[in-house]
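Participant: Got a structure for you, written out below as structure tokens; questions coming shortly.
The values are calculated or read from the model by the stated rules, or taken from the named source; none is laboratory data. These numbers were taken from a predicted model, which means no experiment stands behind them. No Cβ is skipped: glycine too gets one built from the backbone with ideal geometry, and neighbour counts run over all protein chains shown.
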Ligand code: FES
Ligand code: FES
């Protein structure tokens, strides 16, 4: 067994101490040590955005970070968005506007969409396309994701709702 | 059959039942499955395009703490491989081995496998494997592979020609046309040579497997993202030499498949074997580099076409030669996609004289096999580029040339000289609608004035057919395709009147669970909330003849309709007994079983009858208890989806960059079950089609045989900013062959995408005489074309 290090990961409002090899990525720790499998891995080299999480309010790619680097940060994964049936407007909009097919990119897309709207409450389709350019979807051709994010932005401006 | 006015769910954009877990991050994909005691596999892959393997020293890897076993070809004694299921006459078989036996034939071919406590450790152990490779000359180009003295990929086969298959152009009367006569008679002969690039589905989720061998029960459970679990079960059992009854395939959520998961793969055997050896669950998750190297590639063809035309634009004849770069091994469907190219190339046109030779060629590359569209998009690229070239040569508008040659709406069924029978459609109407939507005349006028301002706008038309609903099993037999074409469905009504539907279809994102529930709800005339759909477990679900594809839900839907017809007939018989009426006087309507004309008074709910069917106290003589039926539907014929796309682009002649102006789709896929999901499928298929048209390519280095695009930084998939908004319109010509009139549609979007784009770019640069005959049309490739043309 390789040497392990202990680190406290604050994920979705709860702190948990995990013992991981220093080389373990944050994504693997979230999935394997915390059992939060909504964070997906599509490339493990920083291109696809499937592993997107929010860290201290910013989108980060959890495949590019080591778990031991994440101690002390506030991390939000898809499991921390919406509570039970009280879904986040972004989640509702993705479903209503068919912004997902296989769903593999979806956790990353929803988090990236929340991030876009938090910075720009009324984004144009072009702005959404540019801002979300770091997240890849192979199923939808993106158009319905753009519509979903726009619709969610409209709901959020009336209802509120943030990560 | 439910009549139109009773229809409640077919045609409605019912919300997807698939979404609830997926938007919460609670999907269950293969990587999320980890039974207690799981150990992890990593695979050593050949770093060379062509190399003899003289030995593998496994000692250091085996000695590493946490390593359970190392598998090499020597451990595969008695283990089989997966047969090619499409075995065209004359095709030289070269099945894909589980581990390279003595020789590696492409970069990424599995050479050995290691199982360890964690994936990290298994990868550490791979570094300790010492393989004695003897590097051989390689070939990664089809023409070079056919040349004298080329390195031979499979010595047993003699040379690199896997098959030469000829389409003689047989017409409806069963005789070949007069191709030579057509070319003699022609006013113009137009030639084209096209390179259709190698790319693939590249699903966002990589492949993965978890195998669980239970030595006491002698059962193997394989968690797999296969689109065709029944066939995998049959073939895996045969390869492992265990009874098929011992094998169960469970399918979790799939993060995209796009045809690539239709194939059987070496890893299916390796994880199963390792689990059987170790008596522990073995898990393997492909990494992205492996996914790009070792999940099947698609498309790559070199096509040469000649088209004979008269000066009025009538296409008199078409002849072609298609070289299909198969890669190192035949994989699952053999040269099937290239065969489909030959069968589909006449497209929507009345071309009486046709001849096409299809040649399958082995090279030192990843196997080329199943990918969304399966040979159809390649065919559309060839013919639709040829139509545009011909139009330009004859000085006829490309829309007009197409119109003059299209099969007319009253000419169905149409016997194509490619061998397919087209069932229905209205090609000129789809073209007209697309032209209207794009405001063709106006765009043409603007094109002129823009050009004067230095804006190079181009309009590209591409029409298509998609022969789907793969077919009557007997026809597959004639084609030497060794599966059936049927789909089964089991429907069980529970004692409370709710329905559970078991399907062999595998949802891969296309919303199959929702659409089949819609069909069942309509057919039973009950609320869709009372229909549950069960899939993804070969212990429960019916055998699928052909397996899941984007264009198979139509066949599965008919199986559902037919099973429910049997259930309703049984409910009527049982209900008649309970109502003390003659069964002929009793009917099923509105989810009730009632005496005709006395619906108010003498009527039972489906739940009433179902309860009685389970109690079985008062069943008619000879009636079996319970209320369930299975129907296996073998399609009466293929269905042909069709349509026209029009792309409008601006080309920057200084950089070769393409900017979208508009993209219009008119498609006709018969009766639509769920319009929102159909739009999603079209848009998604278009992104696959345009990806391969503009960006995506597996590039091999001629010198080294290396795959240069083995990360997502080198293999470029379309991002948000690469694709336009698509404007989608539908025509609905229900298929006359299928109950419900459904046609397959999940793949059609990728058929005309590449030629529409290429035609638009060539049109934008017509003043320079630039021809776009190779995909993808990357900015650098386009820039060199412009440069060569002196632009
Ligand atoms: S998995 Fe992290 S960016 Fe692709
Ligand atoms: S929905 Fe499949 S990758 Fe986006």
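Participant: Those residues that are surrounded by 19 or more Cβ atoms within 10 Å (Cβ to Cβ), near ligand 1 (Cβ under 7 Å from one of its atoms) and closer than 15 Å to residue A:112 by Cα, I need them from region A:42-54; list them, please. Walk me through how you get there before you give the answer.
Facilitator: First pass over region A:42-54, keeping only residues surrounded by 19 or more Cβ atoms within 10 Å (Cβ to Cβ): A:42-44, A:47-54.
Those still in the list that are near ligand 1 (Cβ under 7 Å from one of its atoms) too: A:42-44, A:47-51.
Those that are surrounded by 19 or more Cβ atoms within 10 Å (Cβ to Cβ), near ligand 1 (Cβ under 7 Å from one of its atoms) and closer than 15 Å to residue A:112 by Cα: A:47, A:48, A:49, A:50, A:51.
Participant: I'd like the full set of residues that are assigned to a strand (DSSP E or B), under 21 Å from the mean Cα position of the chain (by Cα) and under 20 Å from residue B:752 (Cα atoms), limited to region B:632-687.
Facilitator: B:639, B:640, B:641, B:642, B:643, B:644, B:645, B:665, B:666, B:667, B:668, B:670
Participant: When both residues are 6+ apart or on different chains and their Cβ atoms are under 6 Å apart, which pairs have a first residue that lies in region A:43-58 and is free of Cβ contacts under 8 Å to residues at least 60 places away in the same chain, and a second that is near ligand 1 (Cβ under 7 Å from one of its atoms) and in a strand (DSSP E or B)?
Facilitator: That search, which allows pairs on different chains as well, returns A:46/A:61; A:51/A:61.
Participant: To continue, here is another question. State which residue is farthest from ligand 2 (Cβ to nearest atom) when the search covers only region B:711-748 and only residues that are more than 11 Å from chain A (Cβ to nearest Cβ) and under 22 Å from residue B:196 (Cα atoms).
Facilitator: B:748
Conditions tested, residue by residue: (1) within 16 Å of ligand 1 (Cβ to nearest atom); (2) more than 13 Å from chain B (Cβ to nearest Cβ).
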{"residue": "A:56", "(1), (2)": "no, yes"}
{"residue": "A:60", "(1), (2)": "yes, yes"}
{"residue": "A:75", "(1), (2)": "yes, yes"}
{"residue": "A:87", "(1), (2)": "no, no"}
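Participant: OK, next. Please state which of the following conditions residue B:205 fails to meet, knowing it meets all the rest: (1) within 16 Å of ligand 1 (Cβ to nearest atom); (2) assigned to a strand (DSSP E or B).
Facilitator: (2)
Participant: While we're looking at this one, here's another question. Tell me which of these residue B:584 doesn't satisfy, since it passes every other one: (1) outside the structural domain of residue B:451 (by TED's automatic domain parsing); (2) more than 30 Å from residue B:679 (Cβ to Cβ); (3) not in a helix (DSSP H, G or I).
Facilitator: (3)
Participant: If you take the residues in region A:79-108 that are within 14 Å of ligand 2 (Cβ to nearest atom) and in contact with a strand residue (DSSP E or B) (Cβ under 8 Å, 6 or more places away or on another chain), which one is nearest to residue B:675 (Cα to Cα)?
Facilitator: So the residue we want is A:102.
Participant: Among the residues in region B:487-495, are any touching a helix residue (DSSP H, G or I) at 6+ places or on another chain (Cβ under 9 Å), within 14 Å of chain A (Cβ to nearest Cβ) and closer than 30 Å to residue B:753 by Cα?
Facilitator: no
Participant: If you go through region B:162-180 one residue at a time, do you hit one that is away from chain A (no Cβ under 14 Å) and part of a helix (DSSP H, G or I)?
Facilitator: Within region B:162-180, one or more residues are away from chain A (no Cβ under 14 Å) and part of a helix (DSSP H, G or I).
Participant: Evaluate the following for residue B:555: is it crowded, with 20+ Cβ neighbours inside 10 Å and at pLDDT below 95?
Facilitator: Yes; evaluated as a whole, the condition is true for this residue.
Participant: Can residue A:82 be described as more than 22 Å from residue A:10 (Cβ to Cβ), under 14 Å from the mean Cα position of the chain (by Cα), within 9 Å of chain B (Cβ to nearest Cβ) and free of Cβ contacts under 8 Å to residues at least 40 places away in the same chain?
Facilitator: So residue A:82 does not fit the description; no.
Participant: Let me ask another. Specify which of the listed residues (A:128, A:136) is within 12 Å of ligand 1 (Cβ to nearest atom) and within 23 Å of residue B:713 (Cα to Cα).
Facilitator: Within the list A:128, A:136, the selection yields A:136.
Participant: With A:109, A:65 as the choices, which residue is within 16 Å of ligand 1 (Cβ to nearest atom) and more than 30 Å from residue A:3 (Cα to Cα)?
Facilitator: That would be A:109, the only listed residue that is within 16 Å of ligand 1 (Cβ to nearest atom) and more than 30 Å from residue A:3 (Cα to Cα).
Participant: Right, another one. With B:776, B:755, B:718 as the choices, which residue is free of Cβ contacts under 8 Å to residues at least 40 places away in the same chain and under 28 Å from residue B:291 (Cα atoms)?
Facilitator: Going through B:776, B:755, B:718 in turn, the sole match is B:718.
Participant: Given the criteria surrounded by fewer than 20 Cβ atoms within 10 Å (Cβ to Cβ) and in contact with a helix residue (DSSP H, G or I) (Cβ under 7 Å, 6 or more places away or on another chain), does residue B:630 qualify? Walk me through how you get there before you give the answer.
Facilitator: Numbers: surrounded by fewer than 20 Cβ atoms within 10 Å (Cβ to Cβ): yes; in contact with a helix residue (DSSP H, G or I) (Cβ under 7 Å, 6 or more places away or on another chain): yes.
Yes.
Participant: When residues of region B:678-695 are filtered for being more than 9 Å from chain A (Cβ to nearest Cβ) and surrounded by fewer than 24 Cβ atoms within 10 Å (Cβ to Cβ), how many remain?
Facilitator: Going through region B:678-695 one residue at a time, the tally reaches 2.
Participant: Another question, then. For region B:187-208, which positions are within 16 Å of ligand 2 (Cβ to nearest atom) and more than 12 Å from chain A (Cβ to nearest Cβ)?
Facilitator: B:207 - this is the single residue of region B:187-208 that is within 16 Å of ligand 2 (Cβ to nearest atom) and more than 12 Å from chain A (Cβ to nearest Cβ).
Participant: Just one of B:321, B:248, B:289 is more than 27 Å from residue B:428 (Cα to Cα), more than 18 Å from the chain's Cα centre (by Cα) and within 16 Å of ligand 1 (Cβ to nearest atom); which is it?
Facilitator: B:289
Participant: Tell me whether region A:67-76 contains one or more residues that are surrounded by fewer than 23 Cβ atoms within 10 Å (Cβ to Cβ) and assigned to a helix (DSSP H, G or I).
Facilitator: The answer is yes, given that some residue of region A:67-76 is surrounded by fewer than 23 Cβ atoms within 10 Å (Cβ to Cβ) and assigned to a helix (DSSP H, G or I).
Participant: Which residue out of A:26, A:9, A:100, A:34 is outside the structural domain of residue A:111 (by TED's automatic domain parsing), at pLDDT 95 or above and under 30 Å from residue B:293 (Cα atoms)?
Facilitator: Within the list A:26, A:9, A:100, A:34, the selection yields A:26.
Participant: Follow-up. State which residue is modelled with the lowest pLDDT when the search covers only region B:461-502 and only residues that are closer than 30 Å to residue B:428 by Cβ and part of a strand (DSSP E or B).
Facilitator: Applying the filter and picking the extreme gives B:468.
Participant: Of these, B:80, B:66, which one is within 21 Å of residue B:263 (Cβ to Cβ) and either crowded, with 22+ Cβ neighbours inside 10 Å or not assigned by TED's automatic domain parsing to the domain that holds residue B:328 (or both)?
Facilitator: Checking each option against the conditions leaves just B:80.
Participant: Looking only at region A:97-134, count every residue that is surrounded by fewer than 24 Cβ atoms within 10 Å (Cβ to Cβ) and within 7 Å of chain B (Cβ to nearest Cβ) and tell me the total.
Facilitator: Number of matching residues: 3.
Participant: What number of residues in region A:1-53 are facing another protein chain (nearest Cβ under 9 Å) and outside any helix (DSSP H, G or I)?
Facilitator: 19
Participant: Can you name the number of the only condition in (1) at pLDDT below 95; (2) touching a strand residue (DSSP E or B) at 6+ places or on another chain (Cβ under 6 Å) that residue B:521 fails?
Facilitator: Only one criterion is unmet by residue B:521, namely (1).
Participant: For region A:138-154, what are the residues that are surrounded by 16 or more Cβ atoms within 10 Å (Cβ to Cβ) and more than 7 Å from chain B (Cβ to nearest Cβ)?
Facilitator: The initial filter retains those residues of region A:138-154 that are surrounded by 16 or more Cβ atoms within 10 Å (Cβ to Cβ), namely A:138-153.
Listed by number, the residues that qualify are A:145, A:146, A:147, A:148, A:149, A:150, A:151, A:152, A:153.
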